[in-house]
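FYI, it's all coordinate maths here, none of it is from the lab. Please read all numbers here as calculations on a predicted model, not as lab measurements. Note that each Cβ is placed from the backbone with ideal geometry, even for glycine, and that neighbours are counted across all protein chains shown.
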């Protein structure tokens with residue numbers, strides 16, 4: 001996996017975990033799954049974050065609007081926008097009372 005893809009995946013993971021900790025239930029375990037896939041669209045690294053917080057479909061939720069100026073900017077609120085911008089795939093499922101948020105990064109095959 002190229003370094004650029006790893007950086008994008010890391011940024012998405014940091015934002016997803018910040019959202020779980022900030023808005024979910026921190027008193028229950030957070031499970032992480034890392035998958036390496038290769039299909040007709042090329043190689044992909046995918047992370048799934050699983051938590052027991054309230055149901056929240058990040059693929060459907062509206063993110064915070066972008067500030068028009070630096071004076072209007074406030075810390076936080078851009079995590080969903082960042083995940084959507086830096087991931088190539090994004091999926092959400094609610095299974096057995098747990099959120100499963102998956103995001104992936106693709107890159108060109110070697111060779």
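Taking the Cβ of each residue in 37, 80 as the centre, tally the other Cβ atoms inside 10 Å and list the residues starting with the fewest.
Listed from fewest to most nearby Cβ atoms, that is 37, 80.
In nanometres, what is the gap between the two model label sites at residue 91 and residue 69, each 7 Å from Cα along Cα-to-Cβ?
Between residue 91 and residue 69, the simple spin-label model gives 4.4 nm.
Calculate the FRET efficiency for residue 28 and residue 4 from the Cβ-Cβ distance with a Förster distance of 41 Å, rounded to the nearest 0.05.
The computed FRET efficiency comes out at 0.75.
R0 = 22 Å: FRET efficiency of residue 60 with residue 40, Cβ-based, nearest 0.05?
Approximately 0.25, to the nearest 0.05.
Can you compute the modelled spin-label distance between residue 81 and residue 52, with each label point 7 Å from Cα toward Cβ, in nm?
Computed distance between label sites residue 81 and residue 52 equals 3.4 nm.
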